[in-house]
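Taken together, the values in this text are just the output of simple stated rules run on the coordinates, not laboratory data. Just so you know, these numbers come straight off a predicted model, no measurement behind them. Here the Cβ positions follow ideal geometry from the backbone for every residue, glycine too, while neighbour counts run over all protein chains shown.
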Amino acid sequence: TAASPVAPRCSRVTETDRLQWYSGWGWEAGTVASRSRASGTALTRDLNLTRGATFTLDLPPALYDVTLTIGDASFPHDQMRVRVQQVDVDLISTAKGEFVTRTWRAEVRDGRLRVALMDLGGADPNAVVNALEVRDPSVVKIDLGTAGSPVAPGFRRATHATAYADATGFGWVSGAIASRDRGVPDPLRRDFCLTGNGTFRVGLLPVGDHEVRVIAGDALWAHDQMQFSVAGITRVDSALAGEFADLKFTVVGWPGSSLDVDV
C-alpha cells in the first residue's frame with residue numbers, strides 16, 4: 001500500500017503505479033488493489049491483489065531470474081497462475097499465513113519483461129503478490145543461517161554445515177562454523193553463521209569487475225573486531241546488538257577464478 005513500510009533494498013509498488021516511460025516499470029494492464037495486514041515483515045505484511053493483471057519492467061535484452069513472493073497473512077488464496085513472458089510457469093495456492101517464494105528464468109528480447117498474475121477460480125477470486133525481484137543470473141545472493149530459518153527472497157540458503165561443492169558453487173572450505181536464529185528482524189538478518197576463523201568460497205567467478213557485499217550483525221548480541229578479507233582487501237568492523245555492518249569490496253574475476261571470504 002501507499003502507507004505500509006517498504007522492505008530494505010526494495011522500491012515501493014502500489015496498485016496505482018502504472019507503467020510509465022520515465023519509471024520503466026509498473027502495472028501495464030488489469031485492475032489492481034492493495035491490502036496491508038497487521039502482522040508479518042515489511043515484505044510480507046502488505047500485498048497487491050488482482051483477478052488478472054500484468055506487471056512490466058523495461059530491461060535490456062538478456063536472461064534474467066524472476067523471483068516472486070506470494071501469500072497473505074490473513075487469508076488463503078488458491079489457483080493463482082503466474083505467467084512470465086507469455087509462458088505459464090506456475091499455479092500456486094497458499095494457506096492463510098503461508099508465503100511462497102519461487103524463481104524462474106526468463107529471456108527479454110524486446111526490451112520488456114512481463115509478469116502476469118491471474119486467478120483461475122476456486123474459493124478465492126484473487127491472485128496476490130508481495131514482492132518481485134529481477135536479477136542478473138550471474139549474481140550470487142546467499143543467506144547464511146540455520147537449516148530451519150526462512151530464506152530471504154531471491155537468496156540461496158547456506159548453513160554452518162554447507163561445505164563447498166562444485167555442484168552448488170558455494171560453501172565453507174575451512175573453520176569451525178556454527179549458526180544461530182534470533183527470530184528478528186527479517187529473514188536476511190534474523191539468522192547467521194559464526195566462527196572464530198573460517199573461509200566461505202564462491203566458485204567460478206565470472207570474468208570482470210564484481211562487487212562483493214557482506215552483511216554482518218546479530219539482533220541480540222554485540223560483536224567487535226570482526227575481520228573480513230576478500231581478494232587481499234581486509235576490513236575490520238564492529239556491530240552493537242541489533243546493528244548490522246554493511247561492507248563492500250570490489251574484486252576482479254578471471255577465467256577459472258573463485259572468491260574466498262575469510263572471516
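Please list, short to long, the whole-number percent of alpha-carbon pairs of the range 5-79 in consecutive 10 angstrom bins beginning at zero.
16, 46, 33, 5
Starting with the highest mean, order 220-229, 33-42 by the number of other Cβ atoms within 10 Å, averaged over the residues of each peptide.
My ranking of the peptides, most packed first, is 33-42, 220-229.
I want the local charge near Leu240. Using Cβ-Cβ distances under 12 Å, sum +1 for each Lys or Arg and -1 for each Asp or Glu among the other residues.
Details: positive: none; negative: Asp218, Asp224, Asp237, Glu243.
Charge balance in the 12 Å sphere: -4.
Does the range 69-211 classify as rounded, prolate or oblate by the C-alpha gyration tensor (a ≥ b ≥ c root eigenvalues; a/c under 1.5 gives rounded; else a/b over b/c gives prolate, otherwise oblate)?
Details: a/c = 3.05, a/b = 1.50, b/c = 2.04.
Judged from the Cα gyration tensor, the range 69-211 comes out oblate (a/c at least 1.5, b/c at or above a/b).
Give, as a single signed number, the net charge of other residues whose beta carbon lies under 10 Å from the beta carbon of Leu194, with Lys and Arg counted +1 and Asp and Glu -1. Could the numbers behind the result be given before it?
Details: positive: Arg180; negative: Asp218.
Local net charge: 0.
Under 10 Å, Cα contacts only: if you run a Gaussian network model on the chain, which one of Phe200, Phe75, Phe99 comes out with the highest mean-square fluctuation?
Maximum among the listed residues: Phe75.
Express in whole angstrom the spacing between the alpha-carbon centres of the range 130-208 and the range 64-108.
23 Å
Going by amide H atoms built from the backbone, whose H comes under 5 Å of the H on Asp191, apart from near neighbours?
Arg182
Shape call for the chain from the C-alpha gyration tensor, a ≥ b ≥ c root eigenvalues: rounded (a/c under 1.5), prolate (a/b greater than b/c) or oblate? Can you show the working numbers first?
On the way: a/c = 2.10, a/b = 1.55, b/c = 1.35.
Prolate.
Which of these, Leu194, Leu113, Leu63, has the largest mean-square fluctuation under a Gaussian network model of the chain (Cα springs below 10 Å)?
Judging by the Gaussian network model, the answer is Leu63.
I want the local charge near Ala152. Using Cβ-Cβ distances under 12 Å, sum +1 for each Lys or Arg and -1 for each Asp or Glu among the other residues. Can you show the working numbers first?
Working: positive: Arg9, Lys141, Arg156, Arg157, Arg189, Arg190; negative: Glu133, Asp143, Asp186, Asp191.
Local net charge: +2.
Would you mind putting 49-57, 202-210 in packing order, based on average other-beta-carbon counts within 10 Å, highest first? Write down the numbers at each step before the final one.
Numbers: 49-57: 20.0, 202-210: 15.1.
So the order, starting with the most tightly packed, is 49-57, 202-210.
List the relative contact order of the chain as a percent without decimals, with contacts defined as Cα pairs under 8 Å and 6+ residues apart.
Working: 667 pairs, mean separation 34.2, N = 263.
Over the chain, the number comes to 13 percent.
Quick one: which residues, 5+ away or cross-chain, put their amide H under 5 Å from the amide H of Phe75? H built at 1.01 Å from N.
Gly97
Which order do peptides 128-141, 236-249 fall in by mean Cβ count within 10 Å, highest first?
Values: 128-141: 17.0, 236-249: 14.4.
For the peptides 128-141, 236-249, the packing ranking is 128-141, 236-249.
If I take R0 = 45 Å and measure r between the Cβ atoms of Asn197 and Thr31 in this structure, what FRET efficiency does the formula 1/(1 + (r/R0)^6) give, to the nearest 0.05? Spell out each step's value before the answer.
Numbers: r = 56 Å, r/R0 = 1.25.
After rounding to 0.05, the efficiency reads 0.20.
Taking the C-alpha atoms of the range 48-117, how large are the radius of gyration and the largest Cα-Cα span, Dmax, in Å?
Looking at the range 48-117, its Cα Rg and Dmax stand at 12.9, 38 Å.
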